[in-house]
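The values are calculated or read from the model by the stated rules, or taken from the named source; none is laboratory data. Predicted model only: the values in this text are computed from it and were never measured. Reconstructed Cβ throughout: ideal geometry from the backbone, glycine too, with neighbour counts over all protein chains shown. Remember, those area values only see protein heavy atoms, side chains included, never the ligands or the DNA or RNA. Shrake-Rupley method; radii C 1.70, N 1.55, O 1.52, S 1.80 Å.
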Amino acid sequence: MRTVYVNGEYVAERDAKISVFDRGFLFGDGVYEVSTVLDGKLVDNAAHLARLDRSLQALSIPSPAGDDEILEIQRQLIVRNALEEGVVYLQVTRGAADRSFDWPEQPAPSLVMFTQAKPVRGNPKAEVGLSVALVPDLRWKRRDIKTVTLLPASWAKMQAAEQGCDDAWMVEADEDGVERVTEGSSNNAFIVTADGVLVTRNLGDEILHGITRRSVLQLAAEIQLRVEERAFTPEEAKAATEAFITSASSFVMPVVQIDGAVIGDGAPGPISRRLRSLYIATAESEAI
Ligand code: PDD
C-alpha cells in the first residue's frame, strides 16, 4: 500500500480522495510532470519543475506550491515508499468548482503526487529494442503544454498494441501537406540517417519539449555527433540505420522496427546504446 500526497496530506492510497467537481476530472483541466528516481534520487528534476511552471503559466493555473516545497514532497514520498527506482508523478489541476466552461475567478488548484516503482535503468527492453507503429496524431495543437488530456496518446498506444507493436509514433501533415512524425505516444522520437546524422523534430507547439530530449542532445554534442533538429517523414524513419525514443521513464530506448520495417540489423544500434549509457552515467552522477 503506497503513501500518496493529496493537497497537503500524506495518506494511504485507498484513502486518497479528490472532489467529483475537480476540473481535472471534468475538463482535463490540469498539467503534470513525471520525474525519474534512480538509487532513491531524482533525475533532471529542476528542469521538470521549470517545465511545470511553464505549463501552469500557459494555462493561467496558479502554482499550488513553490519548487522547494514540491521537491520536499517528492523526497518525502521517495522515503515513505522506500522507492529506489521508478518515478514520482505530480499533477496540478485548476481544482474543484461548480461545472462551467468558464475558469473560476479564484481557483484553488489541487496538487496530487504519487510514486511508481519500476525498472528504468534495468529495463530489459533496452537490450532488444521496441517496435513502433505509425498512427495519425489526433491531439490538440498545443502539445508543448504537458496537459493531463492524454486520451489521444493512450488511444494511439492501444492502436499500436493491436498491431502487435510496443508503442506508437504519431504522424501528421505539415503546412506543406507532407506527412511527418511528430513524436511518440509519451516520448520524443529520434532517428539516425544513413550518413550518420542524428535527427529529431525541432521544438514548437507540435511536440512536448522533452527534458530527456534536451539532455540527450547535450550528450550528442559532447561526443560530436552531427545533429539536425527538424521534422522527418515516415519514409525517412523506415530507412533509418538506428532509431530511439527518449522520456523520463524510458531514458534512451532503442527502436528496432517502424511500421514493419526493420531498422539497421534489427538490434539496438551503437549510437542508441552509447547515448543510453552516457545518459545513465550522467543521471547517476547528477541525481539529487
Ligand atoms: N511522458 N512527448 C510526450 C508526448 C510525452 O508525454 C513525454 C513524457 C515526452 C518526453 O518528455 P520527458 O523527456 O520530459 O519525459 C515527450 C511522460 C514520461 C509520461 O507521460 O509518463
(request) Be a star and scan region 1-25 for residues whose amide nitrogen sits under 13 Å from the point 7 Å along the Cα-to-Cβ vector of residue 148. (result) 5-7, 17-25
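Give me the percent relative contact order of region 3-117, please, defined on Cα pairs under 8 angstrom at least 6 residues apart. Don't skip to the end; give the middle numbers.
Details: 196 pairs, mean separation 42.4, N = 115.
It rounds to 37 percent for region 3-117.
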(message) Under the rule a/c < 1.5 gives rounded, and otherwise a/b versus b/c splits prolate from oblate, where does region 54-142 land using the Cα gyration tensor?
(response) oblate
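Kirkwood Rh, region 190-235, all Cα pairs: how many Å? Don't skip to the answer; put the middle values down first.
On the way: mean 1/r = 0.0894 Å⁻¹.
One over the average 1/r among Cα pairs gives 11.2 Å for region 190-235.
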(request) Treat each spin label as a single point 7 Å out from the Cα along the C-beta direction, and report the residue 118 to residue 106 distance in nm. (result) 4.0
(message) At 222 nm, what value in deg cm²/dmol follows for the chain if DSSP H runs of at least 4 each add -39500 (n - 2.57) and the sum is divided by all its residues, to the nearest 500?
(response) -8500 deg cm²/dmol
(request) With the Cα gyration tensor of region 112-216 in hand, give its eigenvalues times 5 under a square root as the equivalent ellipsoid semi-axes, listed largest first in whole angstrom. (result) 21, 19, 16
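What does the charge count near residue 142 come to, summing +1 for each Lys or Arg and -1 for each Asp or Glu among other residues with Cβ under 11 Å from its Cβ?
Spelling it out: positives minus negatives among the neighbours equals +1.
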(request) Please report, in Å, the Rg and the Dmax of region 3-117, where both are computed over Cα atoms only. (result) 14.1, 44
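To the nearest 20 Debye, how big is the dipole of region 1-158 about its Cα centre, given +1 on the beta carbon of each Lys and Arg and -1 on that of each Asp and Glu? Don't skip to the answer; put the middle values down first.
Values: 20 positive and 21 negative charges, 117 e Å.
For region 1-158, the charge dipole is close to 560 debye.
Going through region 139-179, which GluC sites (Glu not before Pro) have at most 12 other Cβ atoms within 10 Å and a DSSP loop state? Write out the running numbers ahead of the final one.
Numbers: sites: 162, 172, 175, 179; in loops: 175.
Answer in residue order: 175.
For 121, 94, what's the largest-to-smallest order of accessible area, 1.4 Å probe?
Values: 121 75, 94 5 Å².
Descending order: 121, 94.
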(message) Student exercise: in the chain, how many lysine pairs 8 or more apart or on different chains have Cα atoms under 20 Å apart?
(response) 6
(request) Round to a whole angstrom and tell me the spacing of the C-alpha centers of region 1-38 and region 225-288. (result) 32
(request) Taking every Cα atom in region 125-286, find the radius of gyration and the maximum pairwise distance Dmax, and write them in Å. (result) 14.5, 45
(message) Suppose the chain between residue 226 and residue 68 were pulled fully straight at 0.36 nm per residue; how much longer would it get relative to their current alpha carbon spacing?
(response) 53.1 nm
(request) Could you tell me, in Å, what Rg and Dmax come out for the Cα atoms of region 212-265? (result) 12.0, 33
(request) Compute the projected area of the convex hull of the Cα atoms of the chain, averaged over all viewing directions, and report it in nm² to one decimal place. (result) 15.4
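Using a Förster radius of 25 Å, what is the FRET efficiency between residue 161 and residue 127 based on their Cβ-Cβ separation? Nearest 0.05, please.
Working: r = 21 Å, r/R0 = 0.83.
Efficiency at R0 = 25 Å is approximately 0.75.
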